[in-house]
1. Compute and list, largest first, the equivalent-ellipsoid semi-axes of the stretch 181-223 from the alpha carbon gyration tensor, each √(5λ) rounded to a whole angstrom.
2. Can you work out the Karplus-derived ³J(HN,Hα) for every residue in the stretch 734-745? Use 6.51 cos²θ - 1.76 cosθ + 1.60 with θ = phi - 60°, whole Hz, and x for glycine or proline.
3. Okay, helix-only estimate at 222 nm for the chain: each DSSP H run of n ≥ 4 adds -39500 (n - 2.57), divide by all residues, round to 500 deg cm²/dmol; what do you get?
4. Set the Förster radius R0 to 51 Å, insert the Cβ-Cβ distance between Ser292 and Gln101 as r into 1/(1 + (r/R0)^6), and round the FRET efficiency to 0.05.
5. Looking at the square roots a ≥ b ≥ c of the eigenvalues of the Cα gyration tensor of the stretch 516-642, which shape do they give, rounded for a/c under 1.5, prolate if a/b is larger than b/c, or oblate?
6. What does the extension gain come out to for Asp755 and Ser197, with contour length at 0.36 nm per residue minus their alpha carbon separation?
7. What number in nm² do you get for the stretch 731-783 if you take the convex hull of its Cα atoms and divide its surface by four?
8. Quickly work out the Lys351-to-Glu93 label distance, labels modelled 7 Å from Cα along the C-beta direction, and quote it in nm with one decimal.
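Just so you know, all these numbers are worked out from the coordinates, no wet-lab data involved. Bear in mind that the values here come from a model prediction, so they are computed numbers and not experimental data. Cβ coordinates were reconstructed from backbone atoms using ideal geometry, including for glycine residues, and neighbour counts include every protein chain displayed.
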Amino acid sequence: MKTIEDRDQKDNFPEILPVIPTVDVVVFPHMIVPLLVLDAKIIKGIQQSVEESKLVLLLAAKQQVNNLNTIGTKDLHDVGTIASIMRVIKIPEGGIKILVQGICKARATEIIASDNNLQATVEPFKNVEEKDVVALASVISDIKIIAENLSGSGGAFSPDFHLILSKMNDPEKIIDFILSHLVLSVEQAQELLEKTSQAEILAKLHGHLMREVEVSQLQERIKSDARESMNKAQKEFYLREQIRVIKKELGEEDDQEIDDLYNKLAQLDAPESVKTEIKRHIQRLSRTAPESMEATVTHNYLDWIFSLPWNIETEDRLDIDYARKILDAEHHGLKKIKERILDFISIRKLKQDGYAPILCFVGPPGTGKTSLGKSIAKSLGRKYARISLGGVKDEAEIRGHRRTYVGAMPGRFIQALKKAGSCNPLIVIDELDKIGADFRGDPSAAMLEVLDPQQNKTFHDNYLGIPFDLSKVMFVATANNLDTISEPLRDRLEIIELSGYILEEKITIAKKHLLERAINDSGLSDYKVDISDAVLKDIITSYTKEAGVRQFERIIRRLCSKAARSIVENDTIIKFDSDNIEKYLGPRKFMSEDALTQDLIGITNGLAWTPYGGEIIKIEAVLMSGKGKLILTGHLGNVMKESAQAALSYARVHAKEFGIDKKMFTNHDLHIHVPAGGVPKDGPSAGITMLLSILSVLTQRPINSKYAMTGELNLCGEVMPIGGVREKILAAQRSKVPHVILPYKNKNDLVDCQDLITSVEVILVKTANEAIDRVLLPAESKNKPSAAKV
Ligand SMILES: Nc1ncnc2c1ncn2[C@@H]1O[C@H](COP(=O)(O)OP(=O)(O)OP(=O)(O)O)[C@@H](O)[C@H]1O
Ligand SMILES: [Mg+2]
């Protein structure tokens, strides 16, 4: 039997062969292909062939062949492949399956279609002789390079494809091998089949492989593009989904939170601009990762905004009688302030949006400034909040920190409003004079905006970033000392001065307010604890030295605690009196008064004003032999030093009138000292006091210790007005000095001091001589000791 190769080589084929039309495949020589044949006529041809040469001619159909009887060369390609039938399998449903192997190309010159079979006359298909061997080799090497690219690209071509191809050299085998891997359309395959030169076929195959490379590169690009976009969007989505699922498992769903915020927003009573801003923040929050820093910051911010009383306003209780009752019930005295509050309520009653003053209470500690603010709020039916500015140095305390700060907070005013819970509370700005300034800005400048009715309508807090209307707030400020409040700030305030209480007032305050509070707080309400007026007076004079009542109140509380202990321990109620009081409070602190009790040479009782009330200060002068120098000690300020010089000059000019030897001024040094040396003192009001000490020491005439004085001295010997009259008279009263010399020009200030004048005699003087006449005692008391010997 002939082998396939033999036949191929000898081109020894029958002239007529049965034809099998192939529909979607072109079979090349050497290819082994299974074919399904259903047509009876073709099957018959196959059976006939199997019995004879076992050869058939495979011709690709140009289109679907419906009627085999009329089939001709126009329906089938005329170049095809002679194939040998390797196996025939009958299919139970009808038809047969055959396995064929291509042997060689052949051309059908004529198709013979009869009722029984389909045949063709066959002639050999001649390949041309390859002349250009170099071109052939070059195209083969190109193909091998492409194969390498292809196998690396990870497409349909496996790495084996390149490996096997690289070892092949026979053009025919290379063609077969590539054809078995390429997927070609029938037309493309037929075109290849009809080529007569191997070089042409290889060139065509090279083109197909190039396309494969492009396709695989394109595929790769699409894949990596898709991967990239997956990287960004999908990754985030993927991670978010994971967080969501985890949160769901934990029962903490974010969406719920965002929904809650929107609900809160819907219920919030705030200006439209605020709502828009809140909405913007909620939207941003919904887009941020819930665990991020930014989300925490936004949450805090929204908490603040929601908690502010944007439109929550309380109605003022504009009832004068009620207000008077409240003010009187909580504070004794303070007539001027109470009157001012009642005036304000009256204006409000007539005009709802009338002018609201910013009251500023100035006075010594413990005189009821802060507590009065609270009473005013109560009398007006307003909410109350307090801001202490003591030691505030950072502007951000007033205006708030920017939200970029970690732990940022709104300023004190916004905090106070949140606490108050209404947009028209009464805010007490406490210790306004203790406000500081440093490199972080000047808080008092920020206060200007807060306290200016024109500007505070749109008060801007850095943290909120949205304006808040402060114009409905009623501000009450307190301070101990006006000097440290800046001029523009002072200009916005209506200053009301509180000067301190006299002994009788303190006793009344104790009986009406302090005692009851102390007794209640100590749980003694059910016991008859009694502290008599005499004991209260004793406490005030022997244990306290203050303008206000804070220390006094503390000591009353101490007595109450002693009473409570005695009830618990011994079941007895203590009866306090002047004899046993030292047992409970310790020895009396202020036994003798600070003022002079003896008429001395060179020492005069002066009166000074301090932020903590009036004080007696003794001005001492001594003479020493020297060269006419003036020595000043006791931490004196420039103004005070200058007034000492003025006093000395006055004495020198009028030396003759006072019988002073002129040489005294040139061969003696004069030393003036003002205790306590550690406390800074300044001001011109000690002018006449210094003059008297100087004259006393120069004339060796003693000073009448029953007098205390204050007044600025000019070089003409006139006494100029001074400040703090009430405080100074109070100090004299406290120190039991019966006569007080004041400048005549302060006469009007005495209107407020009528209550004091009963226990202290006030002498108004126009010139220094009037004071000298009263205070400088005659020389016969010369044997009195001088300051130098004290
Ligand atoms: N006229 C008064 N009637 C009743 N109680 C008073 C009166 N004055 C002061 N008090 C009481 O004295 C105490 C101290 O008062 P408050 O704290 O208001 O003083 P302040 O003037 O603000 O002092 P500071 O300047 O030190 O802040 C409070 O308990 C207050 O009730
Ligand atoms: Mg206070």
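1. For the stretch 181-223, the ellipsoid semi-axes come out as 25, 11, 6 Å.
2. 4, 8, 6, 8, x, 10, 10, 9, 10, x, 4, 5
3. On the way: 28 runs with 328 residues, N = 790.
Calculated mean residue ellipticity at 222 nm is -13000 deg cm²/dmol.
4. 0.15
5. Numbers: a/c = 4.31, a/b = 2.88, b/c = 1.50.
It is prolate, given that a/c is not under 1.5 and a/b is the larger ratio.
6. 187.1 nm
7. Values: hull surface 18.5 nm².
Seen from a random direction, the Cα hull of the stretch 731-783 projects 4.6 nm² on average.
8. Between Glu93 and Lys351, the simple spin-label model gives 10.5 nm.
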